[in-house]
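The values are calculated or read from the model by the stated rules, or taken from the named source; none is laboratory data. Nothing here was measured: the structure is a model prediction, and the numbers come from that model. Cβ atoms come from the backbone with ideal geometry, glycine included; neighbour counts cover every protein chain shown.
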């Protein structure tokens, strides 16, 4: 059996419903996730999908411990991290990285690209952080000259590459990719996804890929977790879940976003992946 990176056992998340908070007292809690259990092996790229409000983003934030479970247990590399304080989590933060959906909102517009990529490394005392930042930019297909530019001078695809460079700079074991190609055109989507697959292989990364687009999930993920109203509707290898769905929830998702059925290399054939940085 493959080494496990995450063990998620009966995790529940309940958050305050601020829309119903009384004038005095505390807000009632609303259940977002209920009894979520799965294992994530090292080196896997696993998709997390579901309709809006299904809890997929909440689950992602639990994995990187931006949210603490209300109940259940979360283990990372065999260590129980369910209720660790922020101070206790600090040494683990560099190992748990995230790429955001909107890179423009997560990149400081007043900082150069080089500084944006170097800053996390400087905080963790990485030697020669600025030189390593240049290496990370080149690793994601951006020339070193981009280090002097600012986020507004880059295209959406280029900004997402900066986000990826920042995420891999600390040599993490795990990356949460939250809808990272939803705002890109088809060509840029293909390039970013190919880059992510290459990095996962070369750097032995484990990735949880959140997306509403089943075609994207099928193209890059080996396994998928389908959420519905805070519970797991189905989970397993992508081909199995998508080709022979067992629940109406998955059938509805497939009907809403048609999946190709004949060419296994369909995604790569949708666009000619240019070597030009976009």
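Before we move on, is residue 232 surrounded by 13 or more Cβ atoms within 10 Å (Cβ to Cβ) and either out of contact with any helix residue (DSSP H, G or I) (no Cβ under 9 Å at 6 or more places or on another chain) or at pLDDT 95 or above (or both)?
yes
Do we find a residue being in contact (Cβ under 8 Å) with a residue 24 or more places away in the chain and closer than 19 Å to residue 223 by Cα anywhere in the stretch 17-35?
No, because not a single residue in the stretch 17-35 is in contact (Cβ under 8 Å) with a residue 24 or more places away in the chain and closer than 19 Å to residue 223 by Cα.
I'm told residue 238 meets every condition in (1) touching a strand residue (DSSP E or B) at 6+ places or on another chain (Cβ under 6 Å); (2) at pLDDT below 95; (3) under 19 Å from residue 104 (Cα atoms) except one. Can you identify the failing condition by its number?
Against the list (1) touching a strand residue (DSSP E or B) at 6+ places or on another chain (Cβ under 6 Å); (2) at pLDDT below 95; (3) under 19 Å from residue 104 (Cα atoms), residue 238 comes up short only on (3).
So residue 80 ticks every box in (1) surrounded by 15 or more Cβ atoms within 10 Å (Cβ to Cβ); (2) farther than 30 Å from residue 138 by Cα; (3) free of Cβ contacts under 8 Å to residues at least 60 places away in the same chain but one. Which box is left unticked?
(1)
Restricting the search to the stretch 134-145, which residues are assigned to a helix (DSSP H, G or I) and more than 29 Å from residue 91 (Cβ to Cβ)?
Residues satisfying the conditions are 144, 145.
Only one of 108, 128 is under 21 Å from the mean Cα position of the chain (by Cα) and loosely packed, with under 15 Cβ neighbours inside 10 Å. Can you tell me which?
None of the others qualify; the one that does is 108.
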